[in-house]
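Chemist: I am attaching a structure below and will ask some questions about it afterwards.
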Amino acid sequence: MLYYYANSGHKIGLDRVKRAVALLKVLNEKGVETRLLVNDFRAGLAARELGLRDYVTIEGVMDIDAIADTGDSIIMDTPEDDRGRIEKYCSDFSHVFRFANSAEDEVRVSEVLFRPECGDESCIEALIVDSMYESEPKEERVLFFLSDADYDKVILGHSEFFQDSGMELLLGNYFFVKYEDELAKLFDTLHEAEEYEELLKTSSHVVTASGQTALEAHACGANVVYINTPREEIIPLSVIKGLGIPVVEGFDRAAYEAVKRNQKSEKNLMHSAEEIANKVIGELKN
């Protein structure tokens, strides 16, 4: 069994869960028995909406071995401090994979690292986008998606950026009902979180502060603008820029207006989820 733990929550969103679902669906199709581990109930529901039904909720990275048995394999996608637990995991489990959290993050024991940018055989290059995100006929729409979470009410704090912008807001899975009521005063159109997949596929323009969403919208052929904020981000800015996606530093309305009419990037993601799954399977056979 391969267990994939993806950290999520109402402060950080679901980006790690989204790429976990994308990879696990391909591994399942290739005959690998897998199970997603998440640390909150809402993340499990979102995984189901994205097409992965089997998941288990745990407290955090320290509790992977409460579910996985000796000899199983695990993937860790989390910024949490494991307090040295990875040494036990590398001893108990047959294969351990871990997503690097920065360019400086190195192998700590004997795990295999996933990196958004790799460059050699010491790691697996992992920009993981679900194959369901592909180009479809577009509706003329400027869709804004901050993230699945806005705990600090960033959108309301930058209301001048959105006022009279013509953007339609895609709500996040962790948005509270009262917050949605406040946002309805700022946007003419609000879309429910459950519409995420359909709207990404059919929107002509997507503006987002989520690196994972930027990759997915790019794969769908949308004109994408990325808003770079101080939030924790799992996709390096160099990757976003390398794909030709315009970057706006913070909620700078003038800078946004200057780039929003750019033609969509013709560059493609270098690696498909299937290629990455094949590399994982190759490691599992070793």
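Chemist: If the reach is capped at under 14 angstrom between alpha carbons, list the aspartates and glutamates near K201, excluding any in the same chain fewer than eight residues apart.
Modeler: D130, E134, E136, E139, E140, E216
Chemist: Amide H neighbours of E80 under 5 Å, at least 5 residues apart or on other chains, H built in the peptide plane: list them.
Modeler: It is none; the list stays empty.
Chemist: Given the pairs K25/K260; K30/K88; K241/K285, which span a C-alpha to C-alpha distance of over 31 angstrom in this model?
Modeler: Working: K25/K260 34 Å; K30/K88 29 Å; K241/K285 35 Å.
As for pairs spanning more than 31 Å Cα to Cα, those are K25/K260; K241/K285.
Chemist: Let's test the formula: R0 of 35 Å, r as the Cβ-Cβ distance of S102 and E257. What FRET efficiency results, to the nearest 0.05? It would help to have the intermediate numbers written out before the result.
Modeler: Numbers: r = 32 Å, r/R0 = 0.93.
Efficiency computed from Cβ-Cβ geometry: 0.60.
Chemist: In 5 Å bins starting at zero, report the fraction of Cα pairs in the range 45-92 per bin as a rounded %.
Modeler: 5, 17, 27, 24, 15, 9, 4
Chemist: Using Cβ counts within 10 Å as a stand-in for footprinting exposure, how do H95, H205, H271 rank, fewest first? Write down the numbers at each step before the final one.
Modeler: Details: H95 19, H205 22, H271 16.
Fewest to most other Cβ atoms nearby, the residues stand as H271, H95, H205.
Chemist: Taking the Cα atoms of the range 12-90, what is the range of coordinates along each of the three principal axes, in descending order and whole Å?
Modeler: 33, 30, 17
Chemist: Only loop residues by DSSP count here, and only those with at most 15 other Cβ atoms within 10 Å; note down the trypsin sites (Lys or Arg not before Pro) in the range 60-115 that meet that.
Modeler: Values: sites: R83, R85, K88, R98, R108; in loops: R83, R108.
Taking the range 60-115 and a limit of 15 other Cβ atoms within 10 Å, the loop trypsin sites (Lys or Arg not before Pro) found are R83, R108.
Chemist: Oh, and also: GNM, the chain, Cα, under 10 Å: largest mean-square fluctuation among D120, D72, D15?
Modeler: Greatest mean-square fluctuation among the candidates belongs to D120.
Chemist: Report, in whole Å, the centroid distance computed from the Cα atoms of the range 82-103 and the range 114-186.
Modeler: 30 Å
Chemist: Could you grab the Rg to Rh ratio for the range 139-259? Cα atoms only, Kirkwood for Rh.
Modeler: Details: Rg = 13.2 Å, Rh = 14.3 Å.
With Rh from the inverse mean 1/r over Cα pairs, Rg/Rh is 0.92.
Chemist: Let me ask something additional. Enumerate the calculated ³J(HN,Hα) couplings along the range 244-250 in order (Karplus 6.51 cos²θ - 1.76 cosθ + 1.60, θ = phi - 60°), each rounded to whole Hz, writing x wherever the residue is Gly or Pro.
Modeler: With the stated coefficients, the range 244-250 comes to x, 7, x, 10, 10, 7, x Hz.
Chemist: Pick from R231, R35, R19 the residue whose mean-square fluctuation is largest in a GNM of the chain, springs joining Cα atoms under 10 Å.
Modeler: Maximum among the listed residues: R231.
Chemist: More than 16 Å apart: what percent of Cα pairs in the range 144-207 qualify? Display every interim value, and only then the final one.
Modeler: Values: 791 of 2016 pairs.
More than 16 Å apart: 39 percent of the Cα pairs in the range 144-207.
Chemist: Report, by chain and number, residues whose modeled amide H sits under 5 Å from the one on S203, excluding near sequence neighbours (fewer than 5 apart, same chain).
Modeler: E139
Chemist: Any chance you could get the radius of gyration and Dmax over the Cα atoms of the range 219-286, in Å?
Modeler: Gyration radius and largest Cα-Cα distance of the range 219-286: 15.8, 53 Å.
Chemist: Taking 1 over the mean of 1/r across every pair of different Cα atoms in the chain, what Kirkwood radius in Å do you get? Let's see the in-between values first.
Modeler: On the way: mean 1/r = 0.0513 Å⁻¹.
After inverting the mean inverse Cα-Cα distance, the result is 19.5 Å.
Chemist: Under a 5 Å amide H to amide H cut-off, with H placed in plane at 1.01 Å, what residues pair with I75 once short-range neighbours are removed?
Modeler: Y3, Y4, Y5, F97
Chemist: In µm²/s, what is D for the range 1-133 at 4 °C and 1.567 mPa s, where D = kT/(6 pi eta Rh) by Stokes-Einstein and Rh is the Kirkwood radius from Cα pairs?
Modeler: Estimated via Stokes-Einstein, D reaches 87 µm²/s.
Read-outs throughout are calculated quantities, based only on the coordinates presented, and are distinct from any laboratory measurement. On a predicted model such as this, the values are computed, not experimentally measured, just so you know. Note: ideal-geometry Cβ built from the backbone for every residue, glycine included; neighbour counts use all protein chains shown.
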